[in-house]
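Undergrad: Please read through the structure below; I'll follow up with questions.
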Amino acid sequence: MDPSSLLQYLITGLTLGSTYGLTALGFTIIFNTTGVINFAQGEFVMLGGMMSVYFTRVLGLGEPVAVVLAVVGATVAGALVERLAIRPVRDCPTINLIIITIGVSILIRGLAMLAWGKDTHVLEPFSGDRPIMVLGAAVMPQALWVLAVSLLLLAGLKAFFSGTIHGKAMLACSHDPKAASLVGIGVQRMVLLSFMISALVGAVGGVILTPITMTSYDVGIMLGLKGFAACILGGLGNPFGAAAGGVILGVLESLGAGFVSSAYKDALAFVILLALLFVKPSGLFGLKDTKRV
Amino acid sequence: MKTLLSLKNVDVFYGRIHAVRRATLHVRQGEIVALIGGNGAGKTTMLCTISGLNRPGQGSILFGEEELTRRSPEQIVRAGISHVPEGRLVFSPLSVEDNLRLGAYTRPRFRDRAAIAEDLETMYAMFPVLRERRAQAAGTLSGGEQQMLAIGRALMARPRMLLLDEPGMGLAPLVVRDIFRHIVELRDRLGLTVLLVEQNAKSALKIADRGYVLENGRVILQGSAAELLANRDVQRAYLGREQD
Ligand SMILES: Nc1ncnc2c1ncn2[C@@H]1O[C@H](COP(=O)(O)OP(=O)(O)O)[C@@H](O)[C@H]1O
Ligand SMILES: [Mg+2]
C-alpha cells in the first residue's frame, strides 16, 4: 500500500471517529449520572444535522445561525426527554428507563420523518470544499472543522467536570446520589443537566458531520449504535475511554473499508467490539470494578 | 434552652415495613442528644427522615419555627441541618478539597467566597490530616480520615444542627475517642446542636446530655445521659458488650 492512501484513510477515520467519540461521550454523561443507557442518543445527533438543514433550507437562515440554533434546539429536546419521559418514572428500575429511551428514540425518529420527510439532505461545508493537500492526501476543510470542534468540545467538557463546582456536583451525583442530596445537590436537576449536555454534545457531532456524510431522519440508528460500540470499547463510564473508543473505531472502520471492502464497513465495528469483549469485558480503558450502587 | 428540633408522632414505612413508629423526640439548642438502639431499630431511618431522604408517612418535624416534614434534602440543608451519613459516603473519586467545597454547595458561591475559603481553613485547622491530603482522592483516606472528611463536608454548609450516624463505626478505639472529642468541641466552640446515633452506646452517652432508646422503631426510653447510663435495662441491652 502506498503511504499517502494510508494517510488518507487515517484522516477519514479520525474524522468519523471524532463524531463517534462525541456520541459515545453523550452516552457516558447520562450513564454516569443515572446508570441509564440512553438509546435516544443517536437521535440527538440526527436532530443536530436535520435541524441545521431545516433552518438553512426552509427558513433560509445563514449557516452559522442555523447551526447554533440546531444545537440549541437539540439541547431543548434533551431537556424535554428528561422532563417528559424520564422524570415521571424516575423511581422505576434502570432497565425500564432504558426501554423507555428506546421508545423515545422511535418517537423522535417518527416525528422527524413526519416533519421533514424521508429524503437525504446535505449541508454546505463550513469553509468550502476545496481539499487541502497534505503529504499527498486530500484533506477536506470540513474534516478540520470536525477535528477542531471535537477537541474543543472535549476540552470544554474536561474544564466543566474538573474545574467548576457544578461539574464536580455532577460527578458527585454519579458517584453517590444519596451523599450528593445530603450536601444539597438537587439530584434531579443534575439528571436534567446531563440530558441537556449529552444532547448538546451529540448535536454538535451531528452538525459537523452532516456536510461530510449527509443526513436523513434515520441516521441516528447507525450513529447511535456506533457511539454505543465506542463507549463499550473504551470502557463504559469512562469519558476519555469513550472519546478514544470512538476514534479507534472510526480509524479501524476506515482502514477496513479502504483495504478490505467498504461493504463490510458497518459490520466491522461490531466484529471488533465483540472480539474485544471476549478478551477484555470491561473495555480498553474500563475500570476493573464496574459495580454500580 | 429552647427546642431546636422536634419530631411528633413520626411514622416511616419502607413498603410494608414499619421502620419508625410514632416516634416523638426533641433536641434543644446546644444539646448533644444520643439515639441508641440495636441493629435495625430504626436509628438510620430516623436520621434520614429528618434530613429528607425518607418521607414520613405521618407526623411532623419542626426545626425552630420551620416545618420540615415534606421538604427536600436540599431545602433541609439550606434550613441548617447537615447529616453525616452512616458509612460516611465521601465522594471517593474526588479530592479531599473538592469534597469539602461540595459541602458548601448550597451557599452563594460569589457572595460567600471569602467566608467559604475561611471555613475551609477552619476545617484544615481542626483536621490537619485533611490539609496534608487535600489533593488526594477521598477514597484513598483511612476510615478515620474519611469520617473527619465527612464531618468537615457537613460543616462546610455552616449548619446549626449536625446529625451523625455511627461516626465510630469500624474505627479503632483511639480514633473513635478523637472523633468524639471533636464532636464535643464543635458544640462547645460553635454552639452546634448534635443528634448522635451510635452503636457504642456507652461512649455516646458519655458525651451526650440526654438520650433516647429506640427498639423496633419505637422510643422505649428517654432521659438524661446519666440516667440512661445507670439504667439496668439499658446496661443489660446496650452497655453490656462494650468490650467487643
Ligand atoms: N431501604 C430499605 N428498604 C427496606 N427496608 C429497610 C430499608 N432500610 C432499612 N430498612 C429496614 O428498616 C428497619 C430499620 O432500619 P435502620 O433504620 O437501618 O436501623 P438502624 O440504623 O437502627 O440499624 C430495619 O428493619 C431494616 O431492615
Ligand atoms: Mg443504622
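Only the coordinates and a few stated rules stand behind these numbers; no lab work does. The model shown is predicted, which means the values in this text are computed figures rather than measured ones. Note that each Cβ is placed from the backbone with ideal geometry, even for glycine, and that neighbours are counted across all protein chains shown.
Undergrad: Report, in degrees rounded to the nearest 10, the 0 to 90 angle that the Cα long axis of helix A:187-213 makes with the longest principal axis of chain A.
TA: Between helix and principal axis, roughly 10 degrees.
Undergrad: Could you name the aspartates and glutamates whose alpha carbon sits less than 16 Å from that of B:Lys43, not counting residues in the same chain fewer than 8 places away?
TA: B:Asp11, B:Glu86, B:Asp165, B:Glu166, B:Glu198, B:Glu215
Undergrad: Per 10 Å bin, what is the whole-percent P(r) computed from every C-alpha pair distance within the range A:18-224?
TA: 9, 34, 33, 17, 6, 1
Undergrad: Now, a different point. Once you order the gyration tensor axes a ≥ b ≥ c over the Cα atoms, which shape class does the range B:96-140 get: rounded for a/c under 1.5, otherwise prolate or oblate by comparing a/b with b/c?
TA: oblate
Undergrad: If amide H atoms are built 1.01 Å from N in the plane of the peptide, which residues on other chains or at least 5 residues away come under 5 Å of the amide H of B:Glu31?
TA: Answer set, sorted by chain and number: B:Val194.
Undergrad: Report the number of Lys pairs in the range A:142-293 whose alpha-carbons are under 26 Å apart, with separation of 8 or more residues or on distinct chains.
TA: Count of close lysine pairs: 17.
Undergrad: A further question follows. Separation of the range A:103-163 and the range A:216-293 by C-alpha centroid, Å?
TA: Each part's Cα centre sits 18 Å from the other's.
Undergrad: Modelled label-to-label distance, B:Ala226 and B:Thr24, 7 Å Cα→beta-carbon offset: nm?
TA: Computed distance between label sites B:Ala226 and B:Thr24 equals 2.6 nm.
Undergrad: Right, something else. Which value, in debye to the nearest 20, describes the size of the charge dipole of the range A:18-224 about its Cα centre when Lys and Arg Cβ atoms bear +1, Asp and Glu Cβ atoms bear -1, and nothing else is charged?
TA: 400 debye
Undergrad: Where both partners of a DSSP beta bridge lie in the protein assembly as shown, what percent of those bridges are antiparallel, to the nearest 5?
TA: Percent antiparallel among DSSP bridges in the protein assembly as shown is about 60.
Undergrad: Just how far, in whole angstrom, is the range B:202-232 from the range A:173-194 if you go by their alpha carbon centroids?
TA: After rounding, the separation between the Cα centres reads 35 Å.
Undergrad: Tell me which trypsin sites (Lys or Arg not before Pro) from the range B:89-125 have a DSSP coil assignment and no more than 11 other beta carbons within 10 Å of their own.
TA: Within the range B:89-125, the qualifying trypsin sites (Lys or Arg not before Pro) (loop, at most 11 other Cβ atoms within 10 Å) are B:Arg111.
Undergrad: Another question, then. For every helix of n ≥ 4 consecutive DSSP H residues, a contribution of -39,500 (n - 2.57) applies; sum these over the protein assembly as shown, divide by its total residues, and give [θ] at 222 nm rounded to the nearest 500 deg cm²/dmol.
TA: Rounded to the nearest 500, it is -18000 deg cm²/dmol.
Undergrad: Go through the range B:202-214 residue by residue and turn each phi into a ³J(HN,Hα) via Karplus (6.51, -1.76, 1.60, θ = phi - 60°); whole Hz please, and just put x for glycine and proline.
TA: Once rounded to whole Hz, the list reads 5, 5, 5, 5, 5, 9, 7, 8, 9, x, 10, 10, 10.
Undergrad: Which order results if B:Val176, A:Val71 are arranged by neighbouring Cβ count within 10 Å, fewest first?
TA: Ordered from fewest to most neighbouring Cβ atoms within 10 Å, B:Val176, A:Val71 come out as B:Val176, A:Val71.
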